[in-house]
Amino acid sequence: MPRTLPTTDDLRTRARAALDRVGVTLDEGAGGGGTEREVCHARTPLTGERLFPVPAATPADVEEAVADAHRAFLDWRSTPAPRRGELVRRLGELLREHQEDLADLVTVEAGKIRSEALGEVQEMIDICDFAVGLSRQLYGRTIASERPGHRLTETWHPLGVVGVVSAFNFPCAVWSWNTAVALACGDTVVWKPSELTPLISLACARLLERAAEDVGAPDGVHRLVIGDRAVGEQLVDDSRVALVSATGSTRMGREVGPRVAARFGRTLLELGGNNAAVVAPSADLDLAVQGIVFAAAGTAGQRCTTLRRLIVHRDIADTLVARLTAAYAKLPVGDPFDEATLVGPLISTGALDRMQEAVARAQAEGGKVLAGGGRRFADIAPDAAYVEPVIVRVGAQTGVVREETFAPVLYVMTYETLAEAIALHNDVPQGLSSSIFTRDQAEAELFLSAEGSDCGIANVNIGTSGAEIGGAFGGEKETGGGRESGSDAWRAYMRSATNTVNYSGRLALAQNVSFL
Ligand code: UN1
């Protein structure tokens with residue numbers, strides 16, 4: 001079990017080296033004597049301490065970023081799509097070249113373990129490959145016209161500037177899902193990352209800037225604006241931002257959605273999840289235990305797809321719970337750079353407080369803690385939040401179980417009939433990801449059917465998290481309804497036009513209308 005943590009100085013050196021290799025020069029004087037500029041402090045959850053001051057965008061900077069992106073859009077929209085794909089291909093090459101550097105920054109700033117940090121960068125590489133292909137496949141339809149000598153078609157055009165608002169937990173992959181697809185679609189991007197992860201954002205923005213230089217794309221195809229909520233609000237309210245694609249809490253989405261709608265802009269919202277897995281009596285328990293532990297405790301419970309509720313058939317509940325508690329007891333919590341670690345730190349001590357409050361509420365509501373909950377390294381890193389993932393057995397789906405707590409807390413409930421399990425499954429406000437572990441095909445099919453899971457992602461014999469980029473990603477109800485990444489999610493980044501072409505030489509009106 002890892003016992004030590006890196007020092008903040010080590011992490012600073014590591015981050016600086018990665019940034020250097022990517023080509024980012026930090027203005028380390030920012031925030032120092034004399035300057036009036038607002039700064040955002042890069043920090044690391046590994047020690048909870050600050051790394052570097054990073055200049056924050058002023059309102060004038062945000063204005064300029066949107067103006068630049070809008071100007072670039074006017075040019076980019078008429079660049080042939082396969083040529084636009086060349087920019088994304090070059091970005092993908094640079095991401096491959098710097099996969100280790102970017103993974104270092106993800107670990108330093110977001111606390112992910114090595115394989116998950118590399119996996120996040122892999123997700124960026126994969127979406128670039130996807131978007132390059134997409135740049136030759138922005139298909140519209142030809143529709144049968146009701147009139148002779150007429151052709152009816154659907155054409156897809158670039159939309160405009162896309163404002164991407166991303167969260168700390170996937171500090172670069174979510175940006176890339178939006179950005180690679182938006183660029184192939186002929187849009188330009190202004191990115192407001194989480195203020196908790198400015199360094200990885202600077203690195204990604206620099207790589208895209210280098211890619212644009214290499215292929216001769218307009219420089220304004222992408223702008224980064226680092227800052228707090230006010231920066232996001234400025235993007236949300238700017239009518240030149242045609243689409244606001246925002247990932248974060250349901251509370252954030254509740255504000256963003258109506259504000260953008262009020263100016264008739266578009267939104268793509270990826271909000272909270274409260275994901276569940278049903279474990280049926282026929283389930284392969286070896287596979288289920290592995291799938292559940294990764295989905296519930298992996299990424300320290302900080303994915304929007306994290307497994308938060310387990311709905312287990314009562315005949316196997318005691319066996320499964322015993323196996324899960326045994327697995328939890330052995331989970332190595334600690335330094336995410338240590339190859340042996342599986343659970344890194346929570347993003348902040350505030351997140352730990354919220355986790356502890358949720359567990360206390362669950363207990364007050366009748367729940368029983370079966371595993372975990374202990375804090376680690378509080379003596380050597382009091383500002384960091386290392387915690388053992390928790391399992392709580394609950395009798396009912398009460399208040400706190402229906403909420404998303406962004407931490408590794410798994411609530412376990414039991415069921416008797418599959419209908420009851422599906423009802424429990426769907427009886428929460430969120431609708432992102434879901435899964436069933438079963439070897440009964442009819443049960444699996446029912447879970448995936450219209451009367452089964454009500455989520456945007458529904459899986460069989462695999463956990464709720466870790467989706468591939470090829471499918472569309474997103475969820476229903478309070479999760480916001482957006483779809484990003486693969487499949488035909490690209491359509492959200494374009495506008496369609498219906499074209500009627502009359503080659504008959506005479507005017508024929510639709511619906512047999514006669515006039516003149
Ligand atoms: C998120 O947590 O915001 O499916 C995204 C997954 C990842 C993406 C999660 N591919 O878990």
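The values are calculated or read from the model by the stated rules, or taken from the named source; none is laboratory data. Keep in mind it's a predicted model, so treat the numbers as computed, not measured. Cβ sites come from the backbone with ideal geometry, for glycine too, and all protein chains shown count toward neighbours. Please note that ligands, DNA and RNA were not included when accessible areas were found on the heavy atoms of the full protein model with its side chains. Shrake-Rupley method; radii C 1.70, N 1.55, O 1.52, S 1.80 Å.
Of note:
- By the rule of a C-alpha distance below 19 Å, with chain neighbours fewer than 8 residues away ignored, the lysines paired with Lys330 are Lys112.
- Distant-in-sequence amide H partners of Arg376 (H built 1.01 Å from N, under 5 Å): Tyr386, Val387, Glu388
- Long-range amide H partners of Asn459 with built H, under 5 Å: Ser434, Ser435, Ile436
- Cα-based convex hull, the range 358-516, per residue volume (Å³, whole number): 240
- Diffusion coefficient of the chain by Stokes-Einstein, Kirkwood radius over Cα pairs, 37 °C, 0.692 mPa s: 136 µm²/s.
- Anisotropy class assigned to the range 54-107 is oblate, per the alpha carbon gyration tensor with a/c at or over the 1.5 cut-off and a/b no larger than b/c.
- Projected onto its three principal axes, the C-alpha set of the range 30-189 covers 73, 39, 24 Å, listed from the longest axis down.
- Of all accessible heavy-atom area on the range 248-336, the percent that carbon and sulfur account for (1.4 Å): 56
- Separation between Cα centres of the range 82-118 and the range 444-516, rounded to whole Å: 29
- Accessible surface, per residue, of the chain when the full set of protein chains is kept, probe 1.4 Å, Å²: 41
- Contact order normalised by residue count of the range 355-453, Cα under 8 Å, 6+ apart, percent: 21
- Only beta bridges with both residues in the chain are counted; by DSSP, about 40 percent of them are antiparallel.
- Residue-level accessible surface for Asp383, protein heavy atoms, 1.4 Å, Å²: 80
- Shape of the range 257-336, Cα gyration tensor, a/c cut at 1.5: oblate
- The region of the chain that goes longest without hitting one of the GluC sites (Glu not before Pro) in a DSSP loop, each with at most 13 other Cβ atoms within 10 Å, is 147-338.
- Taking a straight line from the alpha carbon of Lys477, these aspartates and glutamates sit under 16 Å away, with near neighbours fewer than eight places off in the same chain left out: Glu255, Glu270, Glu403, Glu404, Asp427, Glu451, Asp454.
- Computed over the chain: relative contact order in percent, which uses C-alpha pairs under 8 Å that are six or more apart: 18
- P(r) histogram, all alpha-carbon pairs of the range 420-460 included - 10 Å bins from 0, percent: 32, 60, 8
- Excluding exposed DSSP-loop trypsin sites (Lys or Arg not before Pro) (at most 12 other C-beta within 10 Å), longest clean stretch of the chain: 331-505
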